[in-house]
């Protein structure tokens with residue numbers, strides 16, 4: 001840095017201090033950041049996934065979206081003086097949609113070390129368990145080891161945390177990968193697969209909609225992961241810090257639980273129908 005640049009830097013710092021502005025905060029206010037774009041456009045682009053109640057529900061005749069995550073998104077958008085714009089995705093693709101700048105926010109993302117290399121996360125919205133949906137007539141496994149056999153066919157949606165858990169705890173099983181969770185569930189329903197690995201929140205609603213599909217099992221050891229909001233990785237931390245404060249506040253105030261129960265009620269499930277392992 002030459003003398004002129006050094007003088008300019010000191011002068012700018014003096015102006016910031018004189019104006020009562022934190023210099024570090026001023027430097028982090030990147031014009032091209034997600035938060036700046038949302039404020040400028042008045043639009044919060046949110047990844048949504050068809051048929052994933054209580055998180056997301058799409059009314060096919062009207063195209064209108066509802067569900068716990070839609071209520072959350074509307075609350076976040078209101079605080080940013082923005083409106084929600086939905087972008088259809090899948091559990092496997094929403095990470096790519098964040099990276100490709102197609103969406104500003106992805107809900108119900110389980111943080112993993114691999115994902116942390118390419119996106120960022122808020123603090124958790126909730127914590128819940130991984131479960132298994134077994135087809136009719138298949139013996140209910142009490143442990144993950146009981147389905148860790150070559151003759152057991154496990155259906156999972158490719159690129160999801162469901163696939164990660166199945167491959168981690170059932171490496172000897174025959175893993176059948178499908179492009180989305182609906183196809184994996186259909187494989188169980190038609191007998192092509194013996195079971196499906198799903199997060200408890202999704203498994204409970206799936207069996208409510210398809211009571212003849214099979215049975216819900218929570219194998220031991222109990223496997224839990226936090227569910228967070230996913231965002232693009234960027235140097236400006238204000239958006240991440242805002243979402244983390246929002247998540248912590250609404251969990252502490254019980255608002256997150258109300259949104260989740262409302263999402264369950266829309267498909268006919270009461271609080272007593274939800275396994276105790278599912279925490280809001």
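Read-outs: derived from the displayed coordinates by stated rules, not from any lab. As the structure is a prediction and not an experimental result, all values here were calculated from the model. Using ideal geometry, Cβ is built from the backbone for each residue, glycine included, and neighbour counts are taken over all protein chains shown.
Rank these for me by crowding, 265, 114, 234, going from fewest to most other beta carbons within 10 Å. It would help to have the intermediate numbers written out before the result.
Numbers: 265 12, 114 9, 234 16.
By the 10 Å Cβ count, ascending, the order reads 114, 265, 234.
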### Task
May I ask for log10 I(q)/I(0) of the stretch 46-115 at q = 0.13, 0.20, 0.24 Å⁻¹, from a Debye sum over the Cα atoms as equal point scatterers with solvent left out?
-0.36, -0.84, -1.14
### Message
If I model a spin label at residue 112 and residue 253 as a point 7 Å from the Cα along the Cα→Cβ vector, what separation in nanometres do I get?
### Response
3.4 nm
### Query
Rg/Rh for the stretch 128-224: what does it come to with C-alpha atoms and Rh from Kirkwood?
0.90
### Summary
Correct semi-axes for the stretch 83-174, from √(5λ) of the alpha-carbon gyration tensor and rounded to whole Å with the largest first, are 30, 14, 13
#### Entry: Degrees, to the nearest 10: 3-18 long Cα axis against longest axis of the chain
70 degrees
### Summary
To the nearest 10 degrees, the tilt of helix 200-209 (Cα long axis) against the first principal axis of the alpha carbons of the chain is 50 degrees
### Query
Quick one: Debye curve from the C-alpha atoms of the chain, no solvent, what's log10 I(q)/I(0) at q = 0.08, 0.15 Å⁻¹?
-0.39, -1.12
